[in-house]
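Here is the structure we will look at, set down as structure tokens.
The values are calculated or read from the model by the stated rules, or taken from the named source; none is laboratory data. Note that the structure is predicted; figures quoted are calculated from it, not measured. When we count neighbours, we look across all protein chains shown, and the Cβ atoms used for this are built from the backbone with ideal geometry, even at glycine. Calculation scope for accessible area: heavy atoms of the full protein, side chains included, ligands and nucleic acids excluded. Shrake-Rupley method; radii C 1.70, N 1.55, O 1.52, S 1.80 Å.
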Amino acid sequence: MERGAMPDFTREQQLGGRVAGVDEVGRGPLAGPVVAAAVVFAAGVPADLAAVIDDSKKLKPAVREAIAARLPTVPGIEIGLGAASTAEIDFLNIHHAAHLAMQRAVARLPRLPDHVLVDGNKKPDFGCRTDAVVGGDRLSLSIAAASIVAKVVRDRIMARLDTRWPAYGWEKNAGYGTAAHRLALTTTGITPHHRKTFGTVRRQIEHFYTEGRA
């Protein structure tokens, strides 16, 4: 099956120096943190790995896991991880919390990169030159690798949380608002990991207090 255009290393090579690709995962779910990763291929990308790296949303879970396991073994690679909690999401809003997670990911690299390529149309302040790349996880190998790392880490977090709060199906839906998740909100209520400012969760809280006063 044709997969269409694949991300490449053109932007990184044109910029030169240590270029970090940055992406985040988890803007849309009703529960759980937003997780970001920063990846620097300081010595380039092995051809066999470049052939399989793609936007994390296009890859099957097993493929994402295999790539994430391979990445730390790549010579010269640097990987930074960052997250923003549900409390930070509710306090800051998801947009600013996602930027915070990305800033934390870059800050956890061994040293500040020369340049950041960040997925999207906004440029958080990373303390270095930054380019926003719309659809970057489909264009840049560094950003695509970051999207894979962030997705794998966040999915693992949600799977662990699912063992304590199994009613919501987080191991399968990663906190997104599936029908089963929404039903569990009405029958079981909310957890400390639900985003209370998100509409579906907020309405459930309002319904609970309304019913409680009735």
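Here are some notes:
- Matching residues in the stretch 1-42 - criterion: being outside any strand (DSSP E or B), aliphatic (A, V, I, L, M) and farther than 21 Å from residue 79 by Cα: 1, 5, 6, 30
- Of all residues in the stretch 1-40 being over 30 Å from residue 88 (Cα atoms) and either under 19 Å from the mean Cα position of the chain (by Cα) or aliphatic (A, V, I, L, M) (or both), the one that is surrounded by the fewest Cβ atoms within 10 Å (Cβ to Cβ): 1
- Pairs, first under 16 Å from residue 105 (Cα atoms) in the stretch 146-158, second open to solvent by 40 Å² or more (accessible area, probe 1.4 Å) and part of a helix (DSSP H, G or I), C-beta under 7 Å, six or more apart: 152/65
- Meets criteria (charged (D, E, K, R) and open to solvent by 40 Å² or more (accessible area, probe 1.4 Å)) for residue 154: no
- Total residues in the stretch 159-208 satisfying the condition of being at positive phi and either surrounded by fewer than 19 Cβ atoms within 10 Å (Cβ to Cβ) or free of Cβ contacts under 8 Å to residues at least 40 places away in the same chain (or both): the figure is 2.
- Residue check, residue 149 surrounded by fewer than 21 Cβ atoms within 10 Å (Cβ to Cβ) and within 16 Å of the chain's Cα centre (by Cα): no
- The number of residues in the stretch 89-102 that are open to solvent by 10 Å² or more (accessible area, probe 1.4 Å), in contact (Cβ under 8 Å) with a residue 40 or more places away in the chain and either within 12 Å of residue 23 (Cα to Cα) or in contact with a strand residue (DSSP E or B) (Cβ under 9 Å, 6 or more places away or on another chain) (or both) comes to 1.
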